[in-house]
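**Q** Before anything else, here's the structure in question.
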Amino acid sequence: MKPDKPFNSFNPKGLLVGIVVAVGLLAMLTHLTEHTKNIGNISYKEFLDKVRGDQVKQVKVAGQFVEGVTKDNQKFQTVVAERPGDFDLLEKHGVDFAVSTPSMSTGSWHVFIVIGVLMLLGVISGWYLMRQMRNGGKNGGGAGGIFTIGKSKAKMFLPASIKERFSSVAGAHEAKEDLKDIVDFLKDAAKYRRLGAQITRGVLLVGEPGTGKTLLARAVAGEANCPFFSVSGSDFIEVFVGVGASRVRDLFAEARKKAPCIVFIDEIDAIGRQRGSSMGGGNEEREQTLNQLLTEMDGFETSKEPVIVLAATNRPDVLDKALIRPGRFDRQIEVPVPDLTSREEILKVHLKKVKAAPDLDVKRIARGTPGFTGADLANLVNEATVIASKKNLTEVGMYEFEEARDKIMLGTESKTMILTDHDRKMTSYHESGHALIRLLMPKDTDPLHKLTIIPRGRALGVTHFLPEREKYSRNKEELLATIAAALAGRAAEELVFNELSTGAYSDFKAATEVARSMVCLYGMTDELGKRVYLDSYDSKGGYSQKTFEKIDEEITKILNDQYAIAMQMLIDNRDKLNLLAETLLDKETMYAAEVYELLGIEPRADLRLV
Ligand code: ADP
Ligand code: ZN
């Protein structure tokens, strides 16, 4: 897929000159600071006193200018009177001294070097700018080409060249459903404006690499029949502070001209990380770039036709809070690793492009590829086809898929998480444990939303709960239920497999955090009383070792009690646990309604409005 018109040009020569200039400046700066380090300006009198006090080791004399080092290695400089007698003094006190003509003093040497470098840089950049101005028209730099360095690296695709539609994206039904609004809006913004609707400007597509975020973004443009600008967050960042910001400005200036249109920013985290979160040189550049992006998005208010920014990331948690504020990226759409059904659909999309054997069991291939992303599956079909071609076959069969899968799984072991059957089973019981305790707890805080054993990032499975409403205070039973549910994953593992995995670490962390708050912040224990124990305590933090131990004891007691409660509930409801876990193992993802129905549990208050 070639972009229709690269309205920018990346210039490697520009980069080269940039590096030369930067290195030159850096060298100059270190040179200057090196030179002046430790030098104290002292008076003539002080100088004589130091010599008389035998404190001076060495001096260089150039006319009346003296530079020297004391015996304790302090550099100093001074201007002295022209008194030849002083040399006798130096000699008498054993100072090692050298004399040169004034113009060649060491001080001047440095100045000459600096001026030399500056002149050289001036000539180089002058020459470079001249060339750029002459070439400006040619490589589309515009504005005389001087600003090529700030030109965005984005690619633009015109609607005619965008072949993707929602039908090209298999699975991802929720994501597509959510994005339909955007398409509608791009097609007829006026309709929404009439009623004064707040206009969406930014949508975050959240998901692992290869799950089809780029594909979805292109499909939105395809459906809306509008231009598509594509750029990666890392493309904005260069050595120079200000370059990224100017690239963002250029990109959006161009996008506004083509509105309605889509701007797709892949890897938004490259620029969107929390500001001030890391040290180092690249930071200021990144922050300026981010600020410019925020400014541009705020400016959409005034433009008539919409520019919608779709951005992809798999780390929404590290993004700067300012980015996800209303009016910016205020919508998040999850693009999940496909479940069994979606894998089958994706395989079918890609199988259309090759000559597959009529008896190919697509469902079986889907079953055998848990954890594969859309990109992995596309790759699988391609690999199988390559293998079949090598064997001079007329069609691609099961056997080739088997071989291709083995090849991919070997190659991607570290990259994609592909689970063994045992891992999957254990994960399924773990997640079912969480869910079941949630459902059985009389005081249920957060209703079940969905549970899945599809790996996402580091976590093997995730059980999602929706907070019922913004709760500022929770009562003790609710907090205890939360702890029990968090620990129930591990309890299920222990009960069913009598085997412990490391998968419960984050559960423990969350449970411990809640227990600590109960003891230290909410005064919910009998023994420690109604007071706050700040967690900034250290050895000299104010309270005794005994109190310290007591806090630990109470936290551990809460956790142990809740673990025992969860375990007992699982034992009492073993049939439900087995049913849920085995069903989940098969379906891979289950929504709340399915779980209630399966277990015959009365659904709790639902959040939906209709
Ligand atoms: P991401 O942007 O999330 O990293 P991409 O959109 O670049 O992923 O996906 C890479 C390729 O994987 C796509 O070009 C497509 O061939 C395939 N693919 C991914 N998800 C799907 C899907 N849901 N349906 C069909 N193909 C998919
Ligand atoms: Zn868990």
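The values are calculated or read from the model by the stated rules, or taken from the named source; none is laboratory data. Every value quoted in this text rests on a predicted model; they were computed, and no experiment measured them. Cβ: placed from backbone, ideal geometry, glycine included. Neighbour counts: every protein chain shown.
**Q** Going through the stretch 198-219 one residue at a time, which ones are more than 7 Å from ligand 1 (Cβ to nearest atom), touching a helix residue (DSSP H, G or I) at 6+ places or on another chain (Cβ under 6 Å) and in a loop (DSSP other than H, G, I, E, B)?
**A** Matches in the stretch 198-219: 201 only.
**Q** For the stretch 494-511, which positions are acidic (Asp, Glu) and near ligand 2 (Cβ under 9 Å from one of its atoms)? It would help to see each step written out before you state the result.
**A** Here is the first cut: in the stretch 494-511, the residues acidic (Asp, Glu) are 494, 499, 507.
Matches in the stretch 494-511: 507 only.
**Q** Pick from 343, 331: which is surrounded by 14 or more Cβ atoms within 10 Å (Cβ to Cβ), closer than 21 Å to residue 170 by Cβ and basic (Lys, Arg)? Outline the logic, then answer.
**A** Values: 331 fails: closer than 21 Å to residue 170 by Cβ.
When all the criteria are applied, what remains is 343.
**Q** For residue 523, all conditions in the list (1) free of Cβ contacts under 8 Å to residues at least 12 places away in the same chain; (2) in a helix (DSSP H, G or I); (3) more than 15 Å from ligand 2 (Cβ to nearest atom) hold save one; what is the number of the exception?
**A** Evaluating residue 523 over (1) free of Cβ contacts under 8 Å to residues at least 12 places away in the same chain; (2) in a helix (DSSP H, G or I); (3) more than 15 Å from ligand 2 (Cβ to nearest atom) leaves (2) as the failure.
**Q** Assuming residue 385 fulfils every condition listed in (1) over 29 Å from residue 580 (Cα atoms); (2) at pLDDT 85 or above; (3) out of contact with any helix residue (DSSP H, G or I) (no Cβ under 7 Å at 6 or more places or on another chain); (4) more than 16 Å from ligand 1 (Cβ to nearest atom) apart from one, which condition is it?
**A** (4)
**Q** Give the residue that is nearest to ligand 1 (Cβ to nearest atom), with candidates limited to residues of the stretch 495-525 that are closer than 17 Å to residue 562 by Cβ and over 35 Å from the mean Cα position of the chain (by Cα).
**A** 495
**Q** In addition: How many of the residues making up the stretch 340-356 are in a loop (DSSP other than H, G, I, E, B) and out of contact with any helix residue (DSSP H, G or I) (no Cβ under 7 Å at 6 or more places or on another chain)? I'd like the intermediate steps shown before the answer.
**A** To start, the set of residues in the stretch 340-356 that are in a loop (DSSP other than H, G, I, E, B) comprises 352-355.
Next, from what is left, pick out any that are out of contact with any helix residue (DSSP H, G or I) (no Cβ under 7 Å at 6 or more places or on another chain): 352-353, 355.
Residues flagged as in a loop (DSSP other than H, G, I, E, B) and out of contact with any helix residue (DSSP H, G or I) (no Cβ under 7 Å at 6 or more places or on another chain) within the stretch 340-356 amount to 3.
**Q** Still on this structure, please answer the following. How many residues are of a type in the set (Gly, Ala, Ser), farther than 18 Å from residue 364 by Cβ and at pLDDT 75 or above if we restrict to the stretch 388-420? Break it down stepwise before answering.
**A** Filtering the stretch 388-420 down to residues of a type in the set (Gly, Ala, Ser) leaves 388-389, 397, 404, 411, 414.
Now drop any that are not farther than 18 Å from residue 364 by Cβ, which leaves 389, 411, 414.
Then keep just the ones that are at pLDDT 75 or above; that gives 389.
Final tally of qualifying residues: 1.
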